1. Return the sequence-ordered ³J(HN,Hα) values of segment C:85-91 in whole Hz as given by the Karplus equation 6.51 cos²θ - 1.76 cosθ + 1.60 applied to θ = phi - 60°, using x for Gly and Pro.
2. Can you tell me, using C-alpha contacts under 8 Å and at least 6 residues apart, the relative contact order of chain B as a whole percent?
3. Can you give the calculated 222 nm mean residue ellipticity of chain B, where each DSSP H run of n ≥ 4 adds -39,500 (n - 2.57) and the sum is split over every residue, rounded to the nearest 500 deg cm²/dmol?
4. Placing unit charges on C-beta atoms (Lys and Arg positive, Asp and Glu negative, everything else neutral), compute the dipole magnitude of the protein assembly as shown about its Cα centre in debye, rounded to 20.
5. Given H placed 1.01 Å from N in the peptide plane, which residues other than close sequence neighbours of B:R83 have an amide H under 5 Å from its amide H?
6. Angle check, please: helix B:131-141 long axis (alpha carbons) against the longest principal axis of chain B (alpha carbons), in degrees 0 to 90, nearest 10.
7. Straight-line reach from B:K212: which aspartates and glutamates have a Cα under 17 Å away, not including same-chain ones fewer than 8 places off?
8. What angle, in degrees between 0 and 90 and rounded to the nearest 10, separates the Cα long axis of helix B:165-175 from the longest principal axis of the Cα atoms of chain B?
Amino acid sequence: MMSALFLPILVAVLFIASPLELIELLTFGELQELVRLPLVRLALFGFVFLSFFHWAHRFRYTIYDTLQVSHLGRPIALLTYGIATTMTLLGAWVLWGIG
Amino acid sequence: MEVLRYRPEEEAEPTWESFEVPVHPEWMVLDGLNHIKDQLDGTLSYRWACRMGVCGSCGMMVNGRPVLTCATYLESLLPGPLRIEPLSGFPVIRDLVGDITDFMGKLSSVKPWIVRDTEKPVEDGEYLQTPEELAEYKQYSMCINCMLCYAACPVYQIEPEFIGPAAIALAQRYNMDSRDEGAQERMDVLAQHEGIWGCTLVGECSEVCPKKVDPAGAIQRYKVSASVDFFKSVLMPWGER
Amino acid sequence: MNPEYSRHEPKWYRPKVPIFWWLKQWAYFKFVARELTSVLVAYSAVMLLVLFVVVDRGQVSYLEFVSWLSQPSVVVFHMALFLGLLFHSVTWLNIAPMAIVPKVGGRIVPAKAVLLAHYAAWFVCSAVLTWVLISK
């Protein structure tokens, strides 16, 4: 849900429009300030946490549905949620180190 | 019309058989099948009863989609040939007849009747209900158990343990009934992996439903209310369940 | 109920579902596509983290990152990514009225209104984020 609301515009602005110089982003100083705000970092943490687990959950069920391997349910669940947990912890560590 | 035949005493696997069927503007697919049975081959087996979209027994796959054959015009599917198969997801007993025991078991497991903690004595009269309370669940009460939603549901085809769209919609029909007190009992069956959480929301069940019951919606609403209940019970364990 | 315990009926025919069942019908394909676009969501989350780190490290690394972003192949990939995310968002927003059936004053809010509210929220979120990110 969060990713549905926020991601398309973030990708459009940050990864497409700005490098193509279609729009002018904040100056680097402002951007750095923004990135270092604890609240912004916390928000991004919440966001990546949800995104990774959203992916893990959907991907897990897509594997079940398409490949018909629900007898491997446990390893697949461990794998997908494990990756999501690792990525989230990694994200937390990275965001903690900023600023 | 191409019909999938399966005669277990003769063949190990189903085979296609073609029949020439006349088209009349008022004919449904079921009329075509009846024409085959009356005029061409009396051994063709299939289920039907009411011819008016109420009994829910004539559901079949027509050109790969589950439909009520009594409510699908032959003309709407021209040019032919039509391909008629038994409903997906059910073991085939013969020709177009599938075994529905699995569904019947699942249906009764969600207690699709009004559950009361204590019954009122008959002398006290009926359980009254306002039109608003009726409107809460009326949509779900339209289900005719035709099982088209099961045939459209890939999750059910792949994981037959899944309790399936109609059973959940009918559970909701009683859960949302102001006279019913059985929601908790049904929750034990539904709030499992094989219950609502098996659903990955393909949404085709609601697309094929001939009665606009919207089982997919029923399942998603149940997911929301089950999650809310879960968080309530975690955050407020002292509250009554 | 457990199919393991149902009686064995050797004469019944039990068709197998092919692995590529989801390619046979548009609706099923759309469903799998919707689910798989969640991969793009995870990728975008990684990219946002990378962006944060890069910006934190200083202007040099940021400019390097931007020059990588403006390579034609990367731009094309991100445009595809954007379309995928758009599809992901639209499909999820369209589901919302199915799950959320609110009531106002004892009356059920029509599904169209719920859907509209979600699209409005999407628009507002996008507008606010854009306003925050562009230079003033």
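1. Coupling constants for segment C:85-91: 5, 4, 4, 4, 4, 4, 5 Hz.
2. Contact order relative to length: 17 percent.
3. -9500 deg cm²/dmol
4. 980
5. HN-HN under 5 Å from B:R83: B:E2, B:N63.
6. Roughly 40 degrees between the two axes.
7. B:E136, B:E204
8. Relative to chain B, helix B:165-175 is tipped by roughly 30 degrees.
Throughout, read-outs are computed from the coordinates displayed, never taken from laboratory work. Just so we're clear, the structure is a prediction, and the values are computed from it rather than from any experiment. Ideal geometry is used to build each Cβ from the backbone, glycine not excepted, and the neighbour counts take in all protein chains shown.
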